[in-house]
1. Please determine whether any residue of the range 450-466 is in contact with an Asp or Glu (Cβ under 8 Å, 6 or more places away or on another chain) and part of a strand (DSSP E or B).
2. Residues in the range 213-233: is at least one in contact with a Pro (Cβ under 6 Å, 6 or more places away or on another chain) and over 26 Å from Asp277 (Cβ atoms)?
3. Only one of these conditions is not met by Thr497: (1) surrounded by fewer than 22 Cβ atoms within 10 Å (Cβ to Cβ); (2) assigned to a loop (DSSP other than H, G, I, E, B); (3) of a type outside the set (Asp, Glu). Which number is it?
4. If you check Gly190, Gly165, Gly203, which single one turns out to be under 30 Å from Leu518 (Cα atoms), of a type outside the set (A, V, I, L, M) and in contact (Cβ under 8 Å) with a residue 12 or more places away in the chain?
5. Among the numbered criteria (1) touching a strand residue (DSSP E or B) at 6+ places or on another chain (Cβ under 8 Å); (2) buried (at least 19 other Cβ atoms within 10 Å of the Cβ); (3) not aromatic (Phe, Trp, Tyr), which one does Asp187 miss?
6. May I ask you to verify whether Arg141 is within 24 Å of Pro335 (Cβ to Cβ) and either over 17 Å from the mean Cα position of the chain (by Cα) or acidic (Asp, Glu) (or both)?
7. If I filter the range 458-472 for residues that are assigned by TED's automatic domain parsing to the domain that holds Tyr363, at pLDDT 95 or above, touching a strand residue (DSSP E or B) at 6+ places or on another chain (Cβ under 9 Å) and closer than 30 Å to Gly285 by Cα, do I get at least one hit?
8. Within the range 398-444, restricting attention to residues that are surrounded by fewer than 17 Cβ atoms within 10 Å (Cβ to Cβ) and either in contact with a helix residue (DSSP H, G or I) (Cβ under 9 Å, 6 or more places away or on another chain) or among the hydrophobic types (A, V, I, L, M, F, W, C) (or both), which residue is farthest from Glu376 (Cα to Cα)?
Amino acid sequence: TAAAAAPAGWEFFALRGVPATPRPADPVGIPRIVSAADDPAATRKTLLAAGAEDLGNGLLRGPVGVEIDLVPAGGTPAASAGTAKADTEPTIVVIGSGSSGLCTAIAAAQNGARVHLIEKQSRIGGMLHIANGEFSGAGTRRQRERGIDDDPQRHFEDVLRLSHGKVNRELAWLSVSLQGELVDWLDELGFEFHPSTPNLVHGHEVYSVPRTYWGVNYGLSVLTTLERLLNPLIESGKVTLHLNTRVTKLVTTDGRVSGVQVRRADDTGEEWQIHGDAVVLATGGYDANPELRNQFLPEHCRSALIGCLDHATGDGHVMARELGAAVSRDGIFLPVMGLIPDPNRPGFAVDYREAFLEMAPAYRTPYEIWVNKRGERFVAEDTTSPEHRERALMAQPDVTMHVVFDQAAVDNAPVPLIRNNTGDWTKERFAEACRTSPWVTRAGTLEELATKLGVDPAKLVATVERYNAAVEAGSDPDFGRTTLPSRIATAPFYAVTTIAASILSRDGLRVNTEMEVLTEAGQPIPGLYAVGEVLGNNVFAGDNYVGGMSVTPAMTLGRRLGARLAAALGTGGVQG
């Protein structure tokens, strides 16, 4: 169709015609979010009256605004200082190039803005380089093709159930109501879906119907798709990409955020300012900054491993707080289980692209027992509730456990305990790791194993003997474990220590539904916006993990923010 020939993204949010399927009614108590998809005629009339260009086929382009103090594509900081240009596009500064920053920058540029995309790393993508990249959406073409009956209302009800109702309902609904459209948009862009999707994901509590998707290359599939949109925008000068550039300060003019102070991450340490009509914090989380992370974690969880990439240091949180931004302090933490302490980097986990322990019985029958630092079991290792086992680990000393097994488990378990997403952990590789890896503690007797682990030998021996009796009886009187494949009795004996881990930030900046950063008094900080993990995952998942409710809100709300900022700034509509 003619509409399909338009640049990707034009038809989204306030720039689209009547959708193929009607949007669902908002749940009771959720304010209505108005866009062209709700009332195309009214929105079209409003935008045309404001000077928008009619592209035909129901598509509109926001009117042109004014750009000030920009760094031109290929230009230098010195050449751009103090520049003012009339009759050009509005300028938006986006800090961070993960999923939220990329989507914001792309949508803004496609809808008429000039964008400065600033990234402190040497490459774009953020956590997409290691993330599973799972996203969720209801009422999608892929669901309909597979006979799955679903809609955003049902999706939202699942989000409320899984999060125990502790999400920000306005923001969660805003994202969920757009997530099906996002999945279809990725489909149109040629995203390489894993053929098994949509599916249920058992690493955390599951949805009522399959509505989670991922790519053949996990997070990299998302990055590849977004790069295909970004590169032409860079080539055309609509987006200026600043790599190896760290934002050190938010610049304000007359009480409004008007730009950023930046510094080269190379030996020159060159500093300059980039100005814009709006600044978007898409800076990700803080989990790689233990000092900052521990301000938000419950005290007994502060020994949790860091499982994210090193760049997630909370830069956006720090800079926004310097301007009086409100930050949530929900006191919520739920660990990721199965990450292995990195012997070469104390406090950090082994990169889970390389290895992790498979904790979910949906993917692997456990042949092991889990014991705490006292040598005691604390949960049924085959519990089907991820949340139950996560909360059980949270209650253990130093949120630490040892996975104890014997040579019979190494020889007989069909699926090895250690795995990764590439599937290259074979039984043979696992057996070799048990003999040689620093991740695995090994001993000829249980008493010796306990001593090496720092556990009371008598307690560990008693725990194993009681478990072995349960195997022989076919019943676990302590925790109700039902899969009891074999006794732990064949030397040598092994243990892999694993500690609860934090991968994404639970707390974050307070924003309204326009993604404006708020003060403690609930007032917007003029010119400052935030999207993505910098908001904290509690906004979209409450006190749990909810499938796809990290990457997907980053993309949906990033696209929405970029498009709306471009349109509003082009009409002079964003004044703070």
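The values are calculated or read from the model by the stated rules, or taken from the named source; none is laboratory data. Here the structure is a predicted model, which means the values were calculated and not measured. Counting neighbours? That spans all protein chains shown, and the Cβs are built from the backbone with ideal geometry, glycine included.
1. no
2. Looking only at the range 213-233, we keep the residues that are in contact with a Pro (Cβ under 6 Å, 6 or more places away or on another chain), and these are 213.
Filter once more, keeping what is over 26 Å from Asp277 (Cβ atoms): 213.
Scanning the range 213-233 turns up at least one residue that is in contact with a Pro (Cβ under 6 Å, 6 or more places away or on another chain) and over 26 Å from Asp277 (Cβ atoms).
3. (2)
4. Working: Gly190 fails: under 30 Å from Leu518 (Cα atoms); Gly203 fails: under 30 Å from Leu518 (Cα atoms).
Within the list Gly190, Gly165, Gly203, the selection yields Gly165.
5. Of the numbered conditions (1) touching a strand residue (DSSP E or B) at 6+ places or on another chain (Cβ under 8 Å); (2) buried (at least 19 other Cβ atoms within 10 Å of the Cβ); (3) not aromatic (Phe, Trp, Tyr), the odd one out for Asp187 is (2).
6. Taking the combined requirement at face value, the residue does not satisfy it.
7. no
8. Lys427
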